[in-house]
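Let me begin by presenting the structure, written as structure tokens, before commenting on it.
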Amino acid sequence: MNQWTERHTASLVPGVKPYYKQPLVLTRGNGRQVEDDQGHIYLDFFGRVLTVSVGHAHPIITKAVIEQIQDIVHTSTYYISPSMVELAERLGTITPDGLNRVFFTNSGTEANETAIAMAQVATQRQEVVALRYSYSGRSHLAMGLTGQAPWKMGIGGLGVSVRHAHNAYCYRCPFGKEPRTCGLECAKDFEEFFKTSTTGCPAAYIAEPIQGVGGFITPPNAFLYETVRTARRYGALFIDDEVQTGFGRTGKRFGIEHAGVTPDIMTFAKGLANGFPIGATITRNKVAEAYGGPTFSTFGGDPPAMRAALATLDVIDEEDLTTRSADLGAVLRQGLEELSDRFPMMGDVRGKGLMQGIEFVKDEKEPAPDLASEFLEGTRDHGLLVGMGGLLANTIRIAPPMTVTRPEIFQALEAVKAALVQMQTNHPELSHLRPTRVHLPE
């Protein structure tokens with residue numbers, strides 16, 4: 001244990017748990033690479049939890065932030081900041097038609113809390129519908145919205161009535177169906193859920209197009225389309241949580257575009273500012289007018305974060321990173337599926353664009369968190385950093401900065417293969433496994 005690990009353990013709350021048996025101490029980053037305090041270089045294929053969207057120390061973003069800091073750092077929402085207005089206008093031009101009023105905060109947690117408050121005020125209702133396996137943040141209310149018991153810490157909700165419906169977790173279908181022949185049973189159950197498990201008068205339905213912390217659970221496009229239609233029949237506003245899927249990551253500007261749905265409210269954070277703390281909630285005029293305040297955010301809309309976000313959006317557009325995510329995401333997905341055929345401990349491969357997950361299993365699709373942990377360590381040994389997730393802690397999350405190159409994709413796949421070869425050697429008892437990967441309809 002090095003000095004930083006010892007000091008971290010002694011000074012931070014125990015819930016803050018670093019990855020790895022020997023935690024990494026990261027000291028610098030450039031592009032898609034990061035360096036630890038021992039001088040080891042790693043290929044970053046987690047983007048520090050999908051937050052470094054266009055690469056570490058991107059010169060355009062660095063320049064924009066330095067110039068802003070030299071002028072003014074903090075204003076608060078009591079004063080007009082040109083960069084805050086510019087970013088609000090920019091978001092209004094790239095989000096679906098009708099969404100044009102923004103409130104800035106510091107994180108996805110705050111963005112989601114703001115969205116719930118907007119929906120409740122606008123509808124004069126309280127109840128919220130969320131999905132199982134979801135994650136909405138670490139505040140009291142956000143933990144109540146989250147559909148995973150370990151992340152709730154035994155609390156959550158602040159008295160808000162939250163109901164959790166089935167998501168389309170096709171690899172572990174709660175109805176025992178196969179995705180190509182199920183007739184979208186989970187979406188049909190959504191109607192029954194509203195009739196039997198809610199008041200019938202919800203304020204909002206909140207969903208992630210791909211569930212991030214849940215393990216990159218990726219529903220068929222029709223699931224979100226149908227469930228949003230159902231929720232709206234009951235008067236609910238649809239909140240689209242794009243904290244992890246937004247701004248090109250999935251091969252479209254926003255993850256919800258795959259489903260052909262226009263949200264009433266959208267939330268953003270993480271990759272919007274390439275690592276600077278930011279949260280944003282955007283809605284349409286009718287909802288915004290009900291959210292009349294007074295309201296305030298001390299650090300929301302601070303100029304450095306606004307400039308970082310504007311520069312990040314410039315890079316995404318100028319380098320056409322949405323198209324790159326679609327194209328290189330397909331290369332990454334093909335490589336992972338080929339490895340899954342060879343190493344069936346990779347039970348499922350799922351995701352869209354540069355947001356791909358691997359669910360590790362043993363016999364009969366038994367969740368294998370020990371294999372996921374071993375894979376995390378093994379890829380590090382081969383110079384690749386990925387993430388973990390999932391309620392069952394058996395899913396690996398792969399999400400490199402969207403500036404990733406084709407050679408880096410192949411370099412990462414070689415590291416994945418090397419880790420899997422070693423795992424196969426370590427676990428000969430798994431040699432009899434057969435592929436269990438599911439294939440989703442478009």
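The values are calculated or read from the model by the stated rules, or taken from the named source; none is laboratory data. Since we're looking at a predicted model, the values are computed, not measured. In this analysis, Cβ positions are derived from the backbone assuming ideal geometry, glycine residues included, and neighbour counts consider all displayed protein chains.
Okay, residues lined up against (1) over 17 Å from residue 53 (Cβ atoms); (2) within 19 Å of the chain's Cα centre (by Cα); (3) touching a residue at least 60 places away in the same chain (Cβ under 8 Å):
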position	(1), (2), (3)
297	yes, no, yes
310	no, no, yes
313	no, yes, yes
318	no, no, no
333	yes, yes, no
339	yes, no, yes
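Which of the residues spanning the stretch 1-40 are surrounded by fewer than 18 Cβ atoms within 10 Å (Cβ to Cβ) and of a type in the set (Val, Ile, Thr)? 5, 9, 13, 16, 25, 27, listed by residue number.
Let me confirm something: among 335, 301, 279, which residue is outside the structural domain of residue 99 (by TED's automatic domain parsing), crowded, with 16+ Cβ neighbours inside 10 Å and touching a Leu at 6+ places or on another chain (Cβ under 9 Å)?
335
Screening the stretch 212-233 for residues that are among the β-branched types (Val, Ile, Thr) and part of a helix (DSSP H, G or I) and picking the one that is nearest to residue 112 (Cα to Cα) gives 228.
In the stretch 199-213, the residue that is surrounded by the fewest Cβ atoms within 10 Å (Cβ to Cβ) out of those that are closer than 18 Å to residue 223 by Cβ and β-branched (Val, Ile, Thr) is 210. Taking the stretch 41-59 as the range and being within 20 Å of residue 325 (Cβ to Cβ) and either surrounded by fewer than 15 Cβ atoms within 10 Å (Cβ to Cβ) or of a type outside the set (A, V, I, L, M) (or both) as the test, the residues that pass are 44, 45, 46, 47, 48, 51, 53, 55, 56, 58. Looking across the stretch 189-205, the residues that are touching a helix residue (DSSP H, G or I) at 6+ places or on another chain (Cβ under 8 Å) and either over 26 Å from residue 262 (Cβ atoms) or not aromatic (Phe, Trp, Tyr) (or both) come down to 191, 200, 202, 203, 204. Scan the stretch 290-342 for residues that are outside any helix (DSSP H, G or I) and closer than 30 Å to residue 120 by Cβ and the total you get is 12.
Residue by residue, here is whether (1) more than 24 Å from residue 223 (Cα to Cα); (2) hydrophobic (A, V, I, L, M, F, W, C); (3) under 16 Å from the mean Cα position of the chain (by Cα); (4) not assigned by TED's automatic domain parsing to the domain that holds residue 274 holds:
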site: 110; (1), (2), (3), (4): yes, no, yes, no
site: 115; (1), (2), (3), (4): no, yes, no, no
site: 122; (1), (2), (3), (4): yes, yes, no, no
site: 138; (1), (2), (3), (4): yes, no, yes, no
site: 153; (1), (2), (3), (4): yes, yes, no, no
site: 156; (1), (2), (3), (4): yes, no, no, no
site: 159; (1), (2), (3), (4): yes, no, no, no
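Hey, any hits in the stretch 57-70 for a residue that's among the small types (Gly, Ala, Ser) and either touching an Asp or Glu at 6+ places or on another chain (Cβ under 8 Å) or part of a loop (DSSP other than H, G, I, E, B) (or both)? Give the steps one after another, and end with the answer.
Here is the first cut: in the stretch 57-70, the residues among the small types (Gly, Ala, Ser) are 57, 64.
Next cut, either touching an Asp or Glu at 6+ places or on another chain (Cβ under 8 Å) or part of a loop (DSSP other than H, G, I, E, B) (or both) only: 57.
Yes; the residues of the stretch 57-70 include at least one that is among the small types (Gly, Ala, Ser) and either touching an Asp or Glu at 6+ places or on another chain (Cβ under 8 Å) or part of a loop (DSSP other than H, G, I, E, B) (or both).
Being surrounded by 20 or more Cβ atoms within 10 Å (Cβ to Cβ) and in a helix (DSSP H, G or I) holds for only one residue in 248, 271, and it is 271.
Just one residue in the set 174, 209, 179 is out of contact with any strand residue (DSSP E or B) (no Cβ under 9 Å at 6 or more places or on another chain), in contact (Cβ under 8 Å) with a residue 40 or more places away in the chain and not in a helix (DSSP H, G or I); that residue is 179. In the set (1) out of contact with any strand residue (DSSP E or B) (no Cβ under 9 Å at 6 or more places or on another chain); (2) surrounded by fewer than 20 Cβ atoms within 10 Å (Cβ to Cβ); (3) in contact (Cβ under 8 Å) with a residue 60 or more places away in the chain, the condition left unmet by residue 429 is number (3).
So which of 15, 39, 29 ends up being assigned to a loop (DSSP other than H, G, I, E, B), modelled with pLDDT of 95 or more and over 22 Å from residue 281 (Cα atoms)?
One residue alone meets the criteria, 39.
Against the numbered list (1) in contact with a helix residue (DSSP H, G or I) (Cβ under 9 Å, 6 or more places away or on another chain); (2) touching a residue at least 60 places away in the same chain (Cβ under 8 Å); (3) assigned to a loop (DSSP other than H, G, I, E, B), residue 261 comes up short only at (2).
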